[in-house]
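These notes concern the structure reproduced below.
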Amino acid sequence: MDSSDKDAYTQATQDQEQANDLRNRITAYTAGAVKYGNVDRDWANTWLIRLGADPVTGSAEYRINVPITGNFGKTITANSRAEALAQFAEHINRVTAAGQITDGRCDGVYGVQFSTDYEPTFFSGPADVPTDANDSVPGLDGLKQGIRQMLKEGVTEQGWGHMYAVKALELMELPPLPAMVSKVVEVPVSGTTRLNVRVFEGDGDDVVQQAAARQIAASQMLAVVADEVGEARVPGSGDMGLRLVDGDDDSDVL
């Protein structure tokens, strides 16, 4: 092996060690963001797998059910069997209407049987992320770019704290994030808001409406409980959609 081969081998070994270190670090930083920053774990693991890093593990609540057959039972205090049957029928109607056992103290299910070929159904809980979901693990340069892009997306879309993302890149000796800027946008909203309008006692509805109109015109921001929020549209689609109002030019459509 000549000197050039040795240099290439040494560089490749160093790059691999650095890549492994970066993957370990981004998993650790992401685990903290998921645990303390409410960052979505499924989103985070999708990125980590894409980067060839270990996914974030942790406990979650899973709700599962499976069809059963059995007998519904109820303990009833009554003066006769006829009265007991009438009360029992009321409980059957209650459970049937609710679609579930609602009184855990007294209701009971007995003789439960499960089908031999039952198929459990998940009603909540995150999906497992396959660790071999990505066959094309990026090299060192792609890993560095991917980590920066992951953190940018985390800050703007996932609530990842900007200060913590900046610090993470600094500790990993990666290029810093771009400067954050504020963008003012207009988005079509259909909804209802409530205003406190000051008028005089005895004023009619027309006066109230005029006062509300003036207040809306003077307001810089209204707190809206939206029934419907317009979606961003592709430029040139003919729909104004989400509209950028930034600087002197407010005609750009996002």
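Against the condition modelled with pLDDT of 90 or more, in contact with a helix residue (DSSP H, G or I) (Cβ under 6 Å, 6 or more places away or on another chain) and not aliphatic (A, V, I, L, M), how does THR77 come out, does it pass? No. Residues in segment 135-189 that are crowded, with 16+ Cβ neighbours inside 10 Å and polar (S, T, N, Q): GLN158 alone.
In segment 2-115, counting only helices (runs of 4 or more DSSP H) that sit wholly within it, the ones holding 3 or more residues that are within 30 Å of PRO138 (Cα to Cα) and either among the hydroxyl-bearing types (Ser, Thr, Tyr) or free of Cβ contacts under 8 Å to residues at least 12 places away in the same chain (or both) span 3-36.
What do you reckon, is ASP54 within 30 Å of GLU153 (Cβ to Cβ) and surrounded by 14 or more Cβ atoms within 10 Å (Cβ to Cβ)? Criteria met by ASP54.
Show the residue pairs that are 6+ apart or on different chains and have beta-carbon atoms under 6 Å apart, the first residue being within segment 151-172 and within 24 Å of ALA19 (Cβ to Cβ), the second being surrounded by fewer than 12 Cβ atoms within 10 Å (Cβ to Cβ). Pairs found: LEU169/PRO176. The lone criterion from (1) modelled with pLDDT of 80 or more; (2) in a loop (DSSP other than H, G, I, E, B) left unmet by LEU151 is number (2). In segment 34-53 there is no residue matching the filter, namely being among the charged types (D, E, K, R) and either in contact with a strand residue (DSSP E or B) (Cβ under 8 Å, 6 or more places away or on another chain) or not assigned by TED's automatic domain parsing to the domain that holds HIS162 (or both).
Scanning segment 164-214 for residues that are of a type in the set (Val, Ile, Thr) and either more than 27 Å from the chain's Cα centre (by Cα) or in a strand (DSSP E or B) (or both) yields VAL184, VAL185, VAL189, THR192, VAL197, VAL199, VAL207, VAL208. The sole residue among SER115, SER124, SER59 that is touching a Lys or Arg at 6+ places or on another chain (Cβ under 7 Å), loosely packed, with under 11 Cβ neighbours inside 10 Å and not β-branched (Val, Ile, Thr) is SER124.
The values are calculated or read from the model by the stated rules, or taken from the named source; none is laboratory data. Keep in mind that this is a model prediction, so the values were computed, not measured. Cβ coordinates were reconstructed from backbone atoms using ideal geometry, including for glycine residues, and neighbour counts include every protein chain displayed.
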